[in-house]
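Derivation of every value follows stated rules applied to the coordinates shown; laboratory data play no part. None of these values were measured; they are calculated from a predicted model. Note that we place each Cβ from the backbone using ideal geometry, even for glycine, and neighbour counts take in every protein chain shown.
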Amino acid sequence: MNTTKKVLFYFPKSETEKPIVYQLVKDYNLMVNIFRAKVTPDEEGYLLLDITGDSSDIDRAYQWIRSLGVQIREDVKGMRWDENGCTSCGACITQCPTAALHIPDRRTMRVWFEADKCIECMNCITLCPFGACSSQF
Amino acid sequence: MKSYEEINRRIEAKKAVVLTAEEVIEYVEKKGIEEAAKEVDVVTTATFGAMCSSGCFLNFGHSTPRIRITEAWLDDVLLYSGIAAVDAYLGATQLRHNDPANMDYPGAFKFGGGHVIEKLVAGKPVQLFALSYGTDDYPRRELRTYITIHDLNQAIMVNPRNCYQNYNVAVNAGERPIYTYLGLLKPGLKNASYSSAGQLSPLLNDPYYETIGIGTAVWLAGARGHVYAEGTQFSSLCERGPNDVPMEGAGTLALTADMKKMHPKWVRGVSLVGYGVSLALGIGIPIPILNPQILKRTTVKDSEIYAPVVDYSQDYPNRTGKILGRVSYAELKSGEITVQGKRVPTSSMSSYAYALEIAEILKDEIRRGEFLLSPPLERLPLGKSMKPLPIRGRSQ
Ligand code: SF4
Ligand code: SF4
């Protein structure tokens, strides 16, 4: 029976020389729909995608992905950013891999959070000096 | 030429012309310095950022029977109690009892002195635990109770060092990530962190302390406070640009104000992963436009203020004095600087957005006639430098 899962693969350091998507399709018979990706050699990166296939194939694929040192997150619900708690200090800006936390206007320097772009990498949750970022789970 | 008295009279009459240190730049460009100096009475400057050398004196009032406190904790954060019976000092960087610090590197430092100060200002209850050896007149040897700031007789913030005139831009040229008071620095110059409000920052708008001195009235987190001394590590003898603006640390201010009158938005505990806890404060300082020269100084722009880029993996801890270059605050605020030919993304530890908000609030308070200026009683010392600490044996 076919199922579809929204899933995030997070690469702490790049394993992306391996053609992950290609192998998911070819070796595990999965259909893949990529929403967002950042894969730069030697840097942390991520793939946010839908995968459709037989659940036993998905399980086998997960095992293989994990064996590469890649983290898998299934419930990408978005990080909670407390707008009032955020002081716009900007400390998170260079730590956020997707620019979900960003400064839209460099005159006011106010920091803003775009939930759609967040991949729950946890960087800002551990690093925000003011505790403005927290995880839902 | 204007005097403090004239400016204060105009403030009282709600007629003062007040601009923020950002607005004044364009204003003077349009009007010219002489004309603008006649019109503008006050320029407001501001900053918001972590200021580790901060804390407060508290007086708890006397319990029955009395206690002469020798050790005390608020929410498990140790106070300094080596003063009178129920007086104590709470410092911003004090860790909570049993915090594992960096034993589990990098430590999270979720709660400490800065957070207790934040809770107090927010009116939240905190637990007081105190011990004593007991005396004939102060027989109690232990107490545990809950207090809010309203229960205290005094809660006076007394900060030995705030408002650094300028600051380093921290980078990491080493090979592993490092955790600093300027945040996480990735190896190989992958990010840079700075901490100043640049063109809005108080002492960058008054580089030779012509108006900001001991006795100057300041806006400290919403309360009216004062400069009570030069800040610790005050170092007016420093490298300066052609506009006299320091290109490194330089001056600092010691500030005090009544914590009961502060607003919690501007008093915030800070957790710096791998480094420790601190306190972020919002500060506004009005600059009276006594003459065109003083006005000229307040028109300094981000593109004319430079900060040194320092490697925090080697040069900072070992005090080599080496810098990797200088960059302007305009470059820093753009989000990217160039260090040794490499493009490095920047972020800040101080909030320009909050500084701007504070400069606006102070402007409004002055316009409404609610905040009068006070002339300094004494000028901050020129020609002062900072001494290092030599490590020597007893006989050397
Ligand atoms: S580090 Fe935290 S407080 Fe600072 S801008 Fe980011 S979310 Fe806001
Ligand atoms: S968890 Fe924070 S740092 Fe990571 S992507 Fe989301 S917003 Fe950016």
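A few notes on this one:
- Comparing B:I283, B:I117, B:I156 in a Gaussian network model of chain B (Cα springs below 10 Å), the most mobile by mean-square fluctuation is B:I156.
- When its C-alpha radius of gyration is set against 2.2 N^0.38 Å (N residues), region B:107-164 gives a value of 1.47.
- Entries in B:K190/B:K301; A:K6/A:K38; B:K333/B:K387; B:K30/B:K363 that, when Cα-Cα distance is taken, lie over 23 Å: B:K190/B:K301; B:K333/B:K387
- Summarised in one figure, the compactness ratio Rg/Rh of region A:2-73, Cα atoms and Kirkwood Rh, is 0.93.
- Interatomic Cα distance distribution for region B:61-150, bins of 5 angstrom, percent: 3, 14, 21, 23, 17, 11, 7, 3, 1, 0
- The modelled label-to-label distance between A:Q63 and A:K117, using points 7 Å beyond Cα along the C-beta direction, is 3.9 nm.
- Charge tally in the Cβ shell below 13 Å around B:A108, where Lys, Arg are +1 and Asp, Glu are -1, B:A108 excluded: 0
- Ranked by how many other Cβ atoms sit within 10 Å of their own Cβ, fewest first, the residues A:F9, A:F35, B:F371 fall in the order A:F35, B:F371, A:F9.
- Just so you know, the Rg over Rh for region A:77-137 is 0.91, from Cα atoms, with Rh as the Kirkwood radius.
- Max mean-square fluctuation residue, GNM over chain B, Cα-Cα springs under 10 Å, options B:G241, B:G213, B:G198: B:G241
- Helix A:55-67 axis, angle to chain A major axis (alpha carbon atoms, nearest 10°): 60 degrees
- Listed residues B:V273, B:I156, A:G53: farthest to the positive end of the dipole of the protein assembly as shown (Cβ charges): B:I156
- Measuring nothing but alpha carbons in the protein assembly as shown and taking Rh as the Kirkwood radius, the Rg to Rh ratio lands at 1.03.
- Per residue Cα convex hull volume in Å³ - calculated over chain B: 167 Å³
- For region B:1-145, alpha-carbon Rg relative to the globular expectation (2.2 N^0.38 Å, N residues): 1.66
- Put in order of Cβ neighbour count within 10 Å, fewest first, the listed residues B:V310, B:V43, B:V273, B:V17 become B:V17, B:V273, B:V310, B:V43.
- Debye, to nearest 20: dipole size of chain A, +1 on Lys, Arg Cβ, -1 on Asp, Glu Cβ: 240 debye
- Residues in region B:74-90 reached by a label modelled at B:D137 [backbone nitrogen below 17 Å; 7 Å Cα→Cβ]: B:83-87
- Evaluated at q = 0.16, 0.20, 0.22 Å⁻¹, the base-10 log of the normalised Debye intensity for region B:280-396, with identical point scatterers placed on the Cα atoms, takes the values -1.11, -1.29, -1.35.
- DSSP finds beta bridges in the protein assembly as shown, and of those with both partners inside it, around 90 percent are antiparallel.
- Cross-link partners of B:K119 among lysines, defined as those whose alpha carbon lies under 20 angstrom from its own and excluding same-chain residues fewer than eight positions apart: B:K110, B:K260, B:K261, B:K265.
- Signed unit charges on C-beta, dipole axis of chain A, positive-most listed residue A:V111, A:I125, A:F9: A:V111
- Highest-fluctuation residue, A:D50, A:D105, A:D42 considered, GNM on chain A with Cα pairs under 10 Å: A:D105
- Label-reachable residues, region B:293-319, where backbone N falls under 17 Å from a point 7 Å from B:M247's Cα toward its Cβ: B:301-311
- Under 13 Å from A:K5, Cα to Cα: aspartates and glutamates that are on another chain or at least 8 residues apart: A:D50, A:D54, A:D57, A:D59, A:E74, A:D75
- By the beta-carbon count within 10 Å of each Cβ, the least crowded to most crowded order of A:Y28, B:Y275, fewest first, is A:Y28, B:Y275.
- In this rough spin-label picture, where each label sits 7 Å from Cα along the Cβ direction, the B:R379-B:I391 distance is 4.0 nm.
- Computed helical MRE - 222 nm, chain B, DSSP H runs ≥ 4 contributing -39500 (n - 2.57), nearest 500: -4500 deg cm²/dmol
- In a reduced charge model with +1 at each Lys and Arg Cβ and -1 at each Asp and Glu Cβ, region B:18-118 shows a dipole moment near 600 debye about its Cα centre.
- Chain A: proportion of alpha-carbon pairs further apart than 25 angstrom, %: 34 percent
- Panel note: the C-alpha atoms of region B:238-297, placed on their principal axes, show extents of 40, 32, 17 Å (largest first).
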